[in-house]
Structure formats: structure tokens, C-alpha cells
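Notes to accompany the following structure.
Throughout, read-outs are computed from the coordinates displayed, never taken from laboratory work. Please read these numbers as outputs of a predicted model, since none were measured by experiment. Don't worry about glycine lacking a Cβ; one is built from the backbone with ideal geometry, like all the others, and counts go over all protein chains shown.
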Amino acid sequence: MNMLMDFSIISWNVCGGTNKIRKRHHKELARRYCPSLFVLLEIHVNFLKVKYNIGYTLVAFSKAQGYAGGIWIISSISYVSLSTWDITQQCVTIQVSMGSSSWFLSAVYISPIPGVQLQLWDYLNTIKLKVQGF
């Protein structure tokens, strides 16, 4: 099995993910495209408070701060190992491994605040160095 050929990701800026229309759309995306991973951005709620099931399990998440931010990475697959590498308010990084192959995924939510954006770029440079040294 070629890990990259059999792997798909949908990244969606949900802008708040708990209303019925967004839940229905999320379920439809899962049914139609069957992504290996969903990256949900600007989810605005804590994962543990949401009650709907589309057959995905939580891999990693960054909590929303009030009604701002929030990143979830959820998965429908069991043939790869998914491990949390690092989490901040603006970025969730995971390692995807299968056999001797692995790669990293960073899901990023960029704050509209310029000073916070600069912190994110510094953080991403740090993550890059950690991953390159891995």
C-alpha cells in the first residue's frame, strides 16, 4: 500500500462547527470524499462538548479561546500511526507514520492580530528545525 496514494486530507475553515447546517455539510464531505484526515479550523468550541458522530476519532486538537480559533485533526484510518508532535493555540503538528515512512502535518490557524502572526512564524521555524533534526 502506497501511503501517499491512499491518503487524503480535507482542511476546512468551519467558522464555528456546531450548528446543524455545518454538521450536515461535514457529514456530507465525509461521505462523499472519505478523507483519511479532516483538519477543522476555527471550530470555536471544545471537541469534548460536540455531540455528533461521523466515524472519525480525535487525533489532536487546540482549544478555542472563547469564540476564536480552535483546530481539530480527526481521522478515519487505522493503517497508519498518528501521533501528536506539538500543539499551540495557532498550530497543531502531528506525525503520520506507516512502516519506515513518516511525514509531518501542521494545521495552522493564523490569528488576525499582527503581533500574534509574528509569533506563529517564529514557532513554525522552530518546528521546521525540530522536524529536520528528527
- [ ] Would you mind telling me the antiparallel percentage of the DSSP bridges in the chain, rounded to 5?
- [x] 85
Task: Inter-probe distance in nm under a simple model that places probes 7 Å from Cα toward Cβ, at Ser83 and Arg31 - done: 3.7
Task: the chain, Cα convex hull volume normalised per residue, Å³ - done: 105
- [ ] Treat each spin label as a single point 7 Å out from the Cα along the C-beta direction, and report the Ile54 to Tyr67 distance in nm.
- [x] 2.2
Task: Gained length - Ile10 relative to Trp121, 0.36 nm times residue gap less alpha-carbon distance - done: 37.7 nm
Task: 222 nm mean residue ellipticity, helices alone, for the chain (DSSP H n ≥ 4; -39,500 (n - 2.57); rounded to 500) - done: -8000 deg cm²/dmol
